[in-house]
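Enquirer: I have a structure I would like to understand better, so I am pasting it below and will then ask my questions one at a time.
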Amino acid sequence: MAYEPPLEETYKNLIHISLGESKDNHTSTVEEWDLPLIDLSELDFDRGKCIKEIAEAAREWGFFQVVNHGVSKEVLRSLQCEQMKVFHLPFERKIEENFLKLTANSYRWGNLNATSLRQILWSEALHISLMDISKLDGSLRSNVEAFTTAAADLAQSLAEILAQTLGIESGYFRENCLPNTSYLRMNRYPPCSFASNVFGLMPHTDSSFLTILYQDQVGGFQLMKDGKWLGVKPNPEALIINIGDLFQALSNGVFKSIKHKVVSTPQERLSVAYFYCPSDEAVIQSCTKPALYKKFSFAEYKRQTQIDVQETGGKVGLPRFLL
C-alpha cells in the first residue's frame with residue numbers, strides 16, 4: 001500500500017538469508033501476564049495504601065498499570081484516530097523533510113543499519129518534542145495537546161509520589177521537568193508475515209524519569225522480569241507506566257528501569273508514549289549514600305547514549321555512569 005514504509009523490500013536479502021539460518025522464534029514461549037494494576041482514585045480514599053502499591057510496583061517490576069488516571073477515553077480514542085490518519089498518509093509524503101512542519105528526522109522508520117534479523121525494526125514512528133506541538137495543524141494539534149497536557153499532569157503526580165517515598169524534595173520535578181522538555185512518540189507497527197522472527201522495537205530501557213504508554217489491544221509488548229521475557233496483556237482501561245533510567249539513578253537503584261521490547265505481529269498495531277524528561281541542564285544525582293551512580297546532567301546522558309549507539313549499535317545506558 002502507498003502508506004507502508006518499504007520494510008520488506010529494504011530488508012529482503014537480510015530476511016532471506018536470516019530466515020534460512022535461524023530456527024529461533026523469540027515469541028513462541030513467552031507467557032502473558034497482567035501488570036500490577038493501581039486505581040488512582042484510591043489516592044482520595046486510602047492515600048497511604050495507594051502510594052505503597054505504586055512504590056512497590058516501581059521497585060519490584062519497574063512497570064505498573066493505572067486506571068482512573070485522568071486521561072479521558074475520548075482523548076485516547078481521538079489521538080488514536082489521528083495516529084491512523086498520519087501513518088496512513090503516502091510514504092513519500094512522510095519522508096519529506098518538512099513533514100507536518102516538524103524538524104527533520106521526526107518521522108522515522110525501520111533500521112537502515114541492520115546487519116542481522118534481530119536488528120530489523122518493523123515499525124515507523126513520529127517523534128515530537130513538546131516544543132514543536134504548536135507547529136502542528138488542526139485536529140492533530142488539538143488532540144496531541146489534549147493528551148500531552150493530561151499525561152504531563154499524571155507524570156508529575158506519579159513522580160512526586162515516588163519521590164516522596166525516597167525523601168526527595170517535592171519541588172524537584174517542578175523545577176527540572178518544564179512544560180516543554182518532554183517528548184511524545186507515536187508508533188505504528190505494520191503487519192508482518194514472519195512476525196515471530198523480527199522486532200517491532202528492540203530490547204531497551206527508556207531515557208526518561210517516567211514513560212506513560214497507551215497501546216491498542218493487539219498485544220506484542222514484552223518486558224524482562226526475573227531474567228525472562230513476559231508478555232503484557234493489553235487492558236483497554238489502563239495506561240502503562242514505567243520507570244526510566246533517570247529515576248533509577250535518582251533513586252540510587254531503588255526503582256528499576258527495566259528492559260522492554262515490542263515483537264511484530266500479523267496485525268497492525270498502534271501505541272503512543274509520553275516521555276517525562278527534564279531540561280538538558282537538569283542534574284541527576286543519587287538521593288542516598290553510598291551512591292551507585294556519578295552525578296550527571298541529562299545532556300551528558302543523551303550525548304553518551306548517542307556515542308554508544310554510533311560506536312556499538314545500541315544503547316548502553318546507566319552502566320556508563322556507575323561509580
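Enquirer: Checking the structure you have, find out if any residue of segment 27-43 is under 20 Å from the mean Cα position of the chain (by Cα), among the aliphatic types (A, V, I, L, M), crowded, with 17+ Cβ neighbours inside 10 Å and outside any loop (DSSP other than H, G, I, E, B).
Expert: Scanning segment 27-43, I find at least one residue that is under 20 Å from the mean Cα position of the chain (by Cα), among the aliphatic types (A, V, I, L, M), crowded, with 17+ Cβ neighbours inside 10 Å and outside any loop (DSSP other than H, G, I, E, B), so the answer is yes.
Enquirer: Now a separate question. Being in contact with a helix residue (DSSP H, G or I) (Cβ under 7 Å, 6 or more places away or on another chain) and of a type in the set (S, T, N, Q) is the filter here; which residues of segment 117-163 pass it?
Expert: Residues satisfying the conditions are Ser139, Asn143, Thr148, Gln156.
Enquirer: Return the pair list, or none, for Cβ contacts closer than 7 Å from residues in segment 200-212 that are under 11 Å from Leu223 (Cα atoms) and buried (at least 21 other Cβ atoms within 10 Å of the Cβ) to residues that are modelled with pLDDT of 95 or more and of a type in the set (S, T, N, Q), at least 6 apart or on different chains.
Expert: Pairs found: Thr205/Ser257.
Enquirer: Turning to a different aspect of this structure: Can you pull out every residue in segment 185-206 that is at pLDDT 95 or above and touching a Ser or Thr at 6+ places or on another chain (Cβ under 6 Å)?
Expert: Matches in segment 185-206: Asn187, Tyr189, Thr205.
Enquirer: Could you grab the pairs with beta carbons closer than 6 Å, sequence gap of 6+ or different chains, first residue in segment 308-323 and over 16 Å from Lys259 (Cα atoms), second one surrounded by fewer than 16 Cβ atoms within 10 Å (Cβ to Cβ) and among the β-branched types (Val, Ile, Thr)?
Expert: The qualifying pairs are Asp308/Val316.
Enquirer: Just one of the numbered conditions (1) modelled with pLDDT of 95 or more; (2) not in a loop (DSSP other than H, G, I, E, B) is not true of Thr181; which one?
Expert: Every listed condition holds for Thr181 apart from (2).
Enquirer: Right, next: Is it true that Asp216 is in contact with a Leu (Cβ under 6 Å, 6 or more places away or on another chain), surrounded by fewer than 24 Cβ atoms within 10 Å (Cβ to Cβ) and farther than 25 Å from Val309 by Cβ?
Expert: Working: in contact with a Leu (Cβ under 6 Å, 6 or more places away or on another chain): yes; surrounded by fewer than 24 Cβ atoms within 10 Å (Cβ to Cβ): yes; farther than 25 Å from Val309 by Cβ: yes.
Taking the combined requirement at face value, the residue satisfies it.
To keep it simple, each residue is scored yes or no on (1) among the β-branched types (Val, Ile, Thr); (2) without any contact (Cβ under 8 Å) to a residue 12 or more places away in the chain.
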site: Asn68; (1), (2): no, no
site: Arg77; (1), (2): no, yes
site: Gln80; (1), (2): no, no
site: Met84; (1), (2): no, no
site: Leu89; (1), (2): no, no
site: Ile95; (1), (2): yes, no
site: Leu100; (1), (2): no, no
site: Thr103; (1), (2): yes, no
site: Trp109; (1), (2): no, no
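Enquirer: If a residue must be touching a residue at least 40 places away in the same chain (Cβ under 8 Å), within 18 Å of Ile258 (Cα to Cα) and either within 11 Å of the chain's Cα centre (by Cα) or assigned to a loop (DSSP other than H, G, I, E, B) (or both), how many such residues does segment 216-232 contain?
Expert: Selection size over segment 216-232: 2.
Enquirer: Which of the residues spanning segment 232-262 are of a type outside the set (A, V, I, L, M), in contact with a helix residue (DSSP H, G or I) (Cβ under 7 Å, 6 or more places away or on another chain) and under 22 Å from Val30 (Cβ atoms)?
Expert: Lys256, Ser257
Enquirer: Next up: For segment 122-176, which residues satisfy the criterion of being part of a helix (DSSP H, G or I), hydroxyl-bearing (Ser, Thr, Tyr) and more than 19 Å from Val272 (Cα to Cα)? Spell out how you get there, then give the answer.
Expert: Narrowing segment 122-176 to residues part of a helix (DSSP H, G or I): 130-135, 138-166, 172-176.
Retained after the next criterion (residues that are hydroxyl-bearing (Ser, Thr, Tyr)): 134, 139, 142, 148-149, 157, 165, 172.
Of everything in segment 122-176, those that are part of a helix (DSSP H, G or I), hydroxyl-bearing (Ser, Thr, Tyr) and more than 19 Å from Val272 (Cα to Cα) turn out to be Ser157, Thr165, Tyr172.
Enquirer: Quick one: which of Ile95, Ile120, Ile128 is among the aliphatic types (A, V, I, L, M) and touching a strand residue (DSSP E or B) at 6+ places or on another chain (Cβ under 6 Å)?
Expert: Numbers: Ile95 fails: touching a strand residue (DSSP E or B) at 6+ places or on another chain (Cβ under 6 Å); Ile120 fails: touching a strand residue (DSSP E or B) at 6+ places or on another chain (Cβ under 6 Å).
One residue alone meets the criteria, Ile128.
Enquirer: Of the residues Leu184, Leu162, Leu154, which single one is closer than 24 Å to Gly253 by Cα, surrounded by 18 or more Cβ atoms within 10 Å (Cβ to Cβ), in contact (Cβ under 8 Å) with a residue 24 or more places away in the chain and touching a His at 6+ places or on another chain (Cβ under 9 Å)?
Expert: Working: Leu184 fails: closer than 24 Å to Gly253 by Cα; Leu162 fails: touching a His at 6+ places or on another chain (Cβ under 9 Å).
When all the criteria are applied, what remains is Leu154.
Enquirer: Among the residues of segment 234-264, write down those that are touching a Phe, Trp or Tyr at 6+ places or on another chain (Cβ under 7 Å), part of a loop (DSSP other than H, G, I, E, B) and surrounded by fewer than 21 Cβ atoms within 10 Å (Cβ to Cβ).
Expert: Ile258
Enquirer: Would you confirm, using the coordinates I've provided, whether Glu60 is among the acidic types (Asp, Glu), farther than 17 Å from Ala238 by Cβ and touching a Pro at 6+ places or on another chain (Cβ under 9 Å)? Spell out the reasoning first.
Expert: Values: among the acidic types (Asp, Glu): yes; farther than 17 Å from Ala238 by Cβ: yes; touching a Pro at 6+ places or on another chain (Cβ under 9 Å): yes.
Criteria met by Glu60.
Enquirer: Restricting attention to segment 101-108, does a residue exist that is more than 17 Å from Leu201 (Cα to Cα) and in contact with a helix residue (DSSP H, G or I) (Cβ under 6 Å, 6 or more places away or on another chain)?
Expert: yes
The values are calculated or read from the model by the stated rules, or taken from the named source; none is laboratory data. These figures come from a predicted structure and were not determined experimentally. Positions of Cβ are backbone-derived with ideal geometry, glycine not excepted, and every protein chain shown enters the neighbour counts.
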